[in-house]
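To keep things clear, I will list the structure first and then write my remarks on it.
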Amino acid sequence: MSQEKKGFFGRLVAGLSKTRDNIVAGIDSIFNGFSAIDDDFYEEIEETLIMGDIGIHTTEAIIEDLKAKVKEQKIKEPSECKALLIDTIKKQMDLGPNAYEFENRKSVVLVIGVNGVGKTTSVGKLAGQLKDKGNKVLLAAADTFRAAAIEQLTEWANRAGVDIIAQQEGSDPAAVVFDAVSAAKARNTDVLLCDTAGRLHNKKNLMEELRKIHRIIDKEYPEAYKETLVVLDGTTGQNALEQARQFREVADITGIILTKLDGTAKGGIAVAIQAELGIPVKYIGVGEQMDDMQKFNPEEFVNALFQTAEQQ
Ligand SMILES: Nc1nc2c(ncn2[C@@H]2O[C@H](COP(=O)(O)OP(=O)(O)OP(=O)(O)O)[C@@H](O)[C@H]2O)c(=O)[nH]1
Ligand SMILES: [Mg+2]
């Protein structure tokens, strides 16, 4: 295993330690503690997955799939079910082939989400990482609700070494996006990343504003590839799922950035989001620094969650 990979994996595992303690310790004791595959065995697995925030519907689907495989492969030993369970979850989390297409095209990435989930931080991290890969990146400070929001994004732009388009506090966010799109076209920018507000006077205003921003991008930059990422705070568990549902009503969400997995017992929510909403988790945040965001790798994530022996 390369040094780089080991570093990432180590961090991922460390970041998910609480999740692991909750889910995996439970799962392991079930796989080792039962001598027969019976209803009690399945019930215990079900309960453990739900406790780990994988969600009722998703858990039921996982259990059904597991039961079918056990029957089909005539498995008798509870311990043999662990690999099957892991495979089932990995299959649910598949990202599809075009998950990161926006990196290779002239694109606009809109980053949305409720307040405090980590939008601005994620935009900053993404800007730095895309720039390092040779992309020409521009930021749009479309959260004009507070002056501090613009300052915070400006700091990230400096850290990442990319340009930013901003206006003063209280200006129309759609106008900022309009300016940013013009600048992106004029400067031959590869990726335009738009930070947005998470809090307005009420939720209706927020959703209206996002619709308006979408319209501007569609009208002024129809040739751009569009990516809309919803940021969800991994520590909020099932609430995060509900937020994703609400944002889906105003935008064609193409992916999720799941943040704060470094301090949560609820990483299982990633599985639930993918399975219940069909929206892929594309990035995970595991800290506050530039390189504390990683592309989501279902294989590694599920292995980290269950800490299978091969990673030791
Ligand atoms: N531990 C940890 N903290 C994070 C992560 N992502 C963001 N944060 C922190 O969460 C806090 C909120 O992050 P912001 O990026 O300001 O969130 P936001 O969604 O832009 O917030 P508003 O603009 O107020 O809606 C900051 O203190 C970040 O440093 C993460 O992956 N892990
Ligand atoms: Mg912000």
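The values are calculated or read from the model by the stated rules, or taken from the named source; none is laboratory data. Please read all numbers here as calculations on a predicted model, not as lab measurements. FYI the Cβ positions are ideal-geometry reconstructions off the backbone, even for glycines, and counts take in every protein chain you see. With ligands, DNA and RNA removed, areas are computed over all heavy atoms of the protein, side chains included. Shrake-Rupley method; radii C 1.70, N 1.55, O 1.52, S 1.80 Å.
Pull out all pairs, ordered by first then second residue, where Cβ-Cβ is under 6 Å, the residues are six or more apart or on different chains, the first lies in the range 182-197 and is farther than 21 Å from GLY134 by Cβ and assigned to a loop (DSSP other than H, G, I, E, B), and the second is away from ligand 2 (no atom under 16 Å from the Cβ) and open to solvent by 40 Å² or more (accessible area, probe 1.4 Å).
none
In the set ILE284, ILE253, ILE279, ILE257, which member is under 30 Å from PHE178 (Cβ atoms) and either assigned to a strand (DSSP E or B) or charged (D, E, K, R) (or both)? Working first, answer last.
Details: ILE284 fails: under 30 Å from PHE178 (Cβ atoms); ILE253 fails: either assigned to a strand (DSSP E or B) or charged (D, E, K, R) (or both); ILE279 fails: either assigned to a strand (DSSP E or B) or charged (D, E, K, R) (or both).
Only one candidate qualifies: ILE257.
Counting just the residues of the range 205-259 that are more than 21 Å from the chain's Cα centre (by Cα) and basic (Lys, Arg), which one comes out surrounded by the fewest Cβ atoms within 10 Å (Cβ to Cβ)?
Out of the qualifying residues, it is LYS219.
Which one is nearest to ligand 1 (Cβ to nearest atom), of the residues in the range 115-137 that are farther than 17 Å from THR196 by Cβ and open to solvent by 40 Å² or more (accessible area, probe 1.4 Å)?
Going through the qualifying residues, I end up with GLN129.
So which of THR120, THR59, THR88, THR154 ends up being within 21 Å of the chain's Cα centre (by Cα), closer than 20 Å to ALA180 by Cα, of a type in the set (Val, Ile, Thr) and in a helix (DSSP H, G or I)?
Details: THR59 fails: closer than 20 Å to ALA180 by Cα; THR88 fails: closer than 20 Å to ALA180 by Cα; THR154 fails: within 21 Å of the chain's Cα centre (by Cα).
Of THR120, THR59, THR88, THR154, the one residue that is within 21 Å of the chain's Cα centre (by Cα), closer than 20 Å to ALA180 by Cα, of a type in the set (Val, Ile, Thr) and in a helix (DSSP H, G or I) is THR120.
Consider only pairs whose beta carbons are under 8 Å apart and that are at least six residues apart or on different chains; among these, list those whose first residue lies in the range 138-151 and is in contact (Cβ under 8 Å) with a residue 40 or more places away in the chain and open to solvent by 40 Å² or more (accessible area, probe 1.4 Å) and whose second residue is among the aliphatic types (A, V, I, L, M) and within 12 Å of ligand 1 (Cβ to nearest atom).
Here the result reads PHE145/ALA197; PHE145/LEU200, each pair linking the range 138-151 to a residue that is among the aliphatic types (A, V, I, L, M) and within 12 Å of ligand 1 (Cβ to nearest atom).
Scan the range 32-72 residue by residue and report those that are hydroxyl-bearing (Ser, Thr, Tyr) and surrounded by 13 or more Cβ atoms within 10 Å (Cβ to Cβ).
Restricting attention to the range 32-72, the residues satisfying the condition of being hydroxyl-bearing (Ser, Thr, Tyr) are 35, 42, 48, 58-59.
Selection gives TYR42, THR48, THR58, THR59.
So is GLU80 surrounded by 13 or more Cβ atoms within 10 Å (Cβ to Cβ) and either touching a strand residue (DSSP E or B) at 6+ places or on another chain (Cβ under 6 Å) or more than 18 Å from VAL302 (Cα to Cα) (or both) or not? Break it down stepwise before answering.
Details: surrounded by 13 or more Cβ atoms within 10 Å (Cβ to Cβ): yes; either touching a strand residue (DSSP E or B) at 6+ places or on another chain (Cβ under 6 Å) or more than 18 Å from VAL302 (Cα to Cα) (or both): no.
No, not satisfied.
From the list VAL177, VAL250, VAL191, VAL181, exactly one residue is in contact with an Asp or Glu (Cβ under 9 Å, 6 or more places away or on another chain) and within 16 Å of ligand 2 (Cβ to nearest atom). Which is it?
Values: VAL250 fails: within 16 Å of ligand 2 (Cβ to nearest atom); VAL191 fails: within 16 Å of ligand 2 (Cβ to nearest atom); VAL181 fails: within 16 Å of ligand 2 (Cβ to nearest atom).
One residue alone meets the criteria, VAL177.
Just the residues that are away from ligand 1 (no atom under 11 Å from the Cβ) and in contact with a Lys or Arg (Cβ under 9 Å, 6 or more places away or on another chain), please, taken from the range 86-114. Please lay out each step first, then the result.
First, the residues of the range 86-114 that are away from ligand 1 (no atom under 11 Å from the Cβ): 86-110.
Listed by number, the residues that qualify are ASP87, THR88, LEU95, ALA99, TYR100, PHE102, GLU103, LYS106, SER107, VAL108, VAL109, LEU110.
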